[in-house]
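This report concerns only the one structure given below.
The values are calculated or read from the model by the stated rules, or taken from the named source; none is laboratory data. These figures come from a predicted structure and were not determined experimentally. Methodologically, a virtual Cβ is constructed for each residue, glycine included, from the backbone with ideal geometry; neighbour enumeration extends over all protein chains shown.
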Amino acid sequence: MSGQWPPEWEDTGDVLPAGADQPDAEASPRLAEVSAYLASVPAPALPDSIGARISAALAAEAATRTAGRNHGELSPAGGTTEANGAASPGTPSESLTPESPALAPRPAGRAPARARVRRRLRLPKASTGLGLLVACLLFAGFGWVVSRGSSQSSSSAAAGAAAAPAASSSSAAGSSGSGAESAPKASGSAGSSAIRPGVAPLAPVNPGAAPLFTVIESGTAYQHAALARQARAREASVAGAARFTPTSQLIGCVLHFTGGTLPRLVDRASYQGTDAYVIASSSRVWVVGLGCTAAKPELVVSVPLAG
Amino acid sequence: MSDLAPGEPSDAALLRQHCEGDPDSFGLLFKRHSGRLWAVALRITCDPDDAADALQDAMISAFRRAADFRGDSAVTTWLHRIVVNASLDLLRRHPARAVTWSGDPAELPVPEPRQVLDSSAATDSRLDIDTALRTLPPPQRAALVLVDMLGYPVADVAVILGVSEGTVKSRCARSRAKLLPYLAHLRTGFPLPGNQPATGNVPSEQGGGG
């Protein structure tokens with residue numbers, strides 16, 4: 001439990017010696033009535049959408065973990081799996097991501113080989129470093145392509161490429177998408193003036209493809225007080241707005257909030273003067289950051305759509 | 001705390017399967033306890049959006065750190081502790097919508113007398129309880145929610161909150177005393193004396209005046 005409470009949370013009367021009685025409750029039956037009344041309040045049911053959202057997030061975590069395990073098993077050095085099995089107690093999964101839980105029980109009978117294990121443990125680290133270097137070079141290459149295609153270069157090109165590691169379609173279309181993006185930006189809101197580092201550009205809609213949904217860029221300056229009304233109005237009237245194919249990261253982000261159902265609106269616009277995506281379902285509006293993904297949902301605000 | 005059907009794996013078994021790499025076990029564990037965990041998060045944060053964020057953060061944290069569970073408490077106790085911590089941490093990061101109330105019943109709005117506790121009245125009661133809970137500091141609120149509203153034993157709550165049983169009892173007692181004047185007016189047969197509708201013949205109990 002965190003001990004750094006804000007000052008207004010501290011209550012010096014809280015701490016009592018262990019085993020202390022409840023003098024107030026025993027002395028005052030009315031306090032017992034408070035307990036009884038609180039106990040009679042029905043527990044709130046978990047909304048289906050929130051349950052689905054969390055289940056989806058857990059499924060994404062499981063997929064990430066499985067992918068990490070597969071990557072670890074496929075490392076070039078043959079000693080990876082062997083080193084896992086022969087690892088020193090307490091660290092059977094050091095070759096995997098730092099936060100991954102212990103996956104496999106340690107096999108028995110390896111203790112006498114610990115001297116060899118230490119040397120073997122160096123091999124997976126070197127291979128892992130080589131793999132990371134290759135991955136960084138690939139990401140840097142993607143970032144160079146993205147930065148050449150975008151109207152504004154970014155110093156963190158590797159970070160920009162890292163934002164779309166698996167979105168080959170978006171990176172390949174980045175050069176063409178940026179050209180399309182610059183056109184609506186000229187007539188769009190003043191707030192959406194630059195592609196932030198780490199944010200993959202949108203690609204124009206491919207007439208031959210069938211995306212799950214399209215993203216519009218309406219140029220709307222959403223405000224908190226009018227968010228629901230603006231979203232409903234924009235949903236009803238998208239004519240004239242530029243349309244784009246969402247990246248896989250954005251798809252994951254949107255479905256994360258809508259609980260897997262298709263959105264009625266995804267608008268790349270500004271919220272309170274800051275670039276953002278505005279997502280609307282039939283019942284709710286979410287404002288998220290431009291780097292939103294299913295694993296890192298950058299929720300800014302969420303309001304219900306009444307009626 | 002939950003009754004398992006024959007052949008259904010226990011919480012500890014699900015957690016063990018999760019640590020061994022089974023991709024579905026933790027999801028099953030969450031679904032089994034999602035209702036109570038949601039109730040904890042919602043009652044502590046007093047806001048559905050904050051509760052959703054806190055519960056998600058807690059579940060992802062538990063997913064990633066399942067190997068740290070040493071089995072010295074029940075799995076549900078461990079999960080509840082993570083949810084409570086996530087809820088309190090979120091409130092600490094985003095202190096908003098705090099309700100200040102002096103505790104004077106005279107400041108409360110005069111309710112309509114309720115003769116029958118129908119579903120709409122239950123909803124109103126719950127909304128008022130959320131408002132009342134927001135007047136409590138979150139650590140006290142957490143103790144009261146776990147003990148009185150969700151029915152956990154004081155010993156379990158002490159483990160969840162990481163404090164002594166005496167501290168849990170003290171927080172609950174102080175919270176009940178703070179809520180007493182506020183919650184009393186929701187019950188049939190109230191309002192309290194001094195909190196009467198404004199009519200010509202109602203004597204003032206506030207003193208003063210002539």
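Against the numbered list (1) without any contact (Cβ under 8 Å) to a residue 24 or more places away in the chain; (2) more than 30 Å from B:Arg92 (Cα to Cα), B:Asp11 comes up short only at (1).
B:Ala58 falls short on exactly one of the conditions (1) modelled with pLDDT of 95 or more; (2) surrounded by fewer than 20 Cβ atoms within 10 Å (Cβ to Cβ), and that condition is (2).
Restricting attention to region B:169-210 and to residues that are closer than 17 Å to A:Val41 by Cβ, among the aliphatic types (A, V, I, L, M) and modelled with pLDDT under 75, the residue that is surrounded by the fewest Cβ atoms within 10 Å (Cβ to Cβ) turns out to be B:Ala184.
Is one or more of the residues making up region B:124-147 at pLDDT 90 or above, among the β-branched types (Val, Ile, Thr) and under 25 Å from B:Ala54 (Cα atoms)? Yes - at least one qualifying residue is present in region B:124-147. Taking the criterion of being in a helix (DSSP H, G or I) and farther than 22 Å from A:Pro297 by Cα, the residues of region B:22-65 that qualify are B:Ser25, B:Leu28, B:Leu29, B:Arg32, B:His33, B:Gly35, B:Arg36, B:Ala39, B:Val40, B:Arg43, B:Ile44. Among the residues of region B:127-168, those that are surrounded by fewer than 19 Cβ atoms within 10 Å (Cβ to Cβ) and closer than 11 Å to B:Arg43 by Cβ comprise B:Asp130, B:Arg134, B:Leu150. Of the residues making up region B:10-21, those that are more than 8 Å from chain A (Cβ to nearest Cβ) and either surrounded by fewer than 16 Cβ atoms within 10 Å (Cβ to Cβ) or closer than 11 Å to B:Ser87 by Cα (or both) number 3.
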